[in-house]
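Chemist: The structure that follows is given in the form of structure tokens.
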Amino acid sequence: AQSVTQPDIHITVSEGASLELRCNYSYGATPYLFWYVQSPGQGLQLLLKYFSGDTLVQGIKGFEAEFKRSQSSFNLRKPSVHWSDAAEYFCAVVYGGSQGNLIFGKGTKLSVKP
Amino acid sequence: SAVISQKPSRDICQRGTSLTIQCQVDSQVTMMFWYRQQPGQSLTLIATANQGSEATYESGFVIDKFPISRPNLTFSTLTVSNLSPEDSSIYLCSVDPYPTIEQYFGPGTRLTVT
């Protein structure tokens, strides 16, 4: 079955430090990839998406992600973390031809130390 | 994007009763989705609700337990029937407004069953 793996359940970084959250997806034709953020008590907010083209995509709140087809990865990065970035981050994928079937990873909880 | 509201934001229900969750969108959309997020877990798609047709349920979800209505292009309801403590979750609706595969989520309804 197609799946998304986020290997890190919980990550703690210091404020101002860089961040990388890992995401691997199972092989499939034409993956469309997303990162969502869920703050405590909130719904999901779309951070960025990759459909095609430039493999480095920019999102909101200073986040970026790089699509690497050879590694089936779509890692999320931020050069300098702010305390307000503490939240749960979900990677998700839709495969071409299956619109609506958004498959989520289990999420990575980010804590930020002052 | 689309602005999505859900009612209620949270509820505590007795075992054996039902809860109906409303999802309202600020624009007309063809595709709406309902997800469940169990405590500490990722999101799982319950069903796809397109206006003018019966909802399509994912494996493990049945219409008798999760009846869905989609009376128009801006509104949908999900009912969780015959509640048990295992139904305690966050229920989220989402829409694909264009459609372009990306989905936008409502704030969620937190259900606790006692």
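The values are calculated or read from the model by the stated rules, or taken from the named source; none is laboratory data. Note that the structure is a prediction, hence the values are computed from the model and not measured. FYI the Cβ positions are ideal-geometry reconstructions off the backbone, even for glycines, and counts take in every protein chain you see. Areas reflect the complete protein model, heavy atoms only, side chains present, ligands, DNA and RNA absent. Shrake-Rupley method; radii C 1.70, N 1.55, O 1.52, S 1.80 Å.
Chemist: In nm, to one decimal, how far is the B:Thr30 label point from the A:Asn101 one, both placed 7 Å along Cα→Cβ?
Modeler: According to this spin-label approximation, the distance is 1.8 nm.
Chemist: Compute the length gained on full extension between A:Glu20 and A:Lys61: take 0.36 nm times their separation in residues and subtract their Cα-Cα distance, giving the result in nm to one decimal. Display every interim value, and only then the final one.
Modeler: Working: separation 41, 0.36 × 41 = 14.76 nm, distance 1.44 nm.
Computed gain between A:Glu20 and A:Lys61 is 13.3 nm.
Chemist: For Cα pairs less than 8 Å apart in space and 6+ apart in sequence, what is the mean separation divided by the residue count of the range A:13-114, i.e. the relative contact order in percent? Let's see the in-between values first.
Modeler: Numbers: 224 pairs, mean separation 36.3, N = 102.
Worked out over the range A:13-114, it gives 36 percent.
Chemist: Could you grab the relative contact order for chain B? Cα pairs under 8 Å, six or more apart, rounded to a whole percent. Let's see the in-between values first.
Modeler: Details: 288 pairs, mean separation 42.7, N = 114.
Relative contact order of chain B: 37 percent.
Chemist: Using only the Cα atoms of the range B:4-108, build the gyration tensor, take square roots of its eigenvalues as a ≥ b ≥ c, and label the shape rounded, prolate or oblate: rounded if a/c is under 1.5, else prolate if a/b is larger than b/c, else oblate. The partial results should precede the final answer.
Modeler: Details: a/c = 1.64, a/b = 1.55, b/c = 1.06.
Prolate.
Chemist: For B:Val3, B:Val29, what's the largest-to-smallest order of accessible area, 1.4 Å probe?
Modeler: B:Val3, B:Val29
Chemist: Can you sort A:Asp54, A:Asp8, B:Asp64, B:Asp87 by 1.4 Å-probe accessible area, starting with the largest? If you can, show how the numbers build up before the last one.
Modeler: Details: A:Asp54 110, A:Asp8 35, B:Asp64 130, B:Asp87 10 Å².
The ordering from most to least exposed comes out as B:Asp64, A:Asp54, A:Asp8, B:Asp87.
Chemist: Using a 10 Å cut-off on Cβ to Cβ distances, tally the other chain neighbours for every residue of B:39-46 and report the average as a whole number.
Modeler: Working: counts 0, 5, 3, 11, 11, 2, 5, 0.
Mean partner-chain Cβ count within 10 Å for B:39-46: 5.
Chemist: Ordering A:Lys78, A:Lys49, B:Lys7 by how much accessible area each has at a 1.4 Å probe, largest first, what is the list? Before the final figure, lay out each step's value.
Modeler: Values: A:Lys78 25, A:Lys49 80, B:Lys7 135 Å².
If we order A:Lys78, A:Lys49, B:Lys7 from most to least accessible, we get B:Lys7, A:Lys49, A:Lys78.
Chemist: Determine which aspartates and glutamates satisfy two conditions relative to A:Lys68: a Cα distance under 18 Å, and not lying fewer than 8 residues away in the same chain.
Modeler: A:Glu20, A:Asp54
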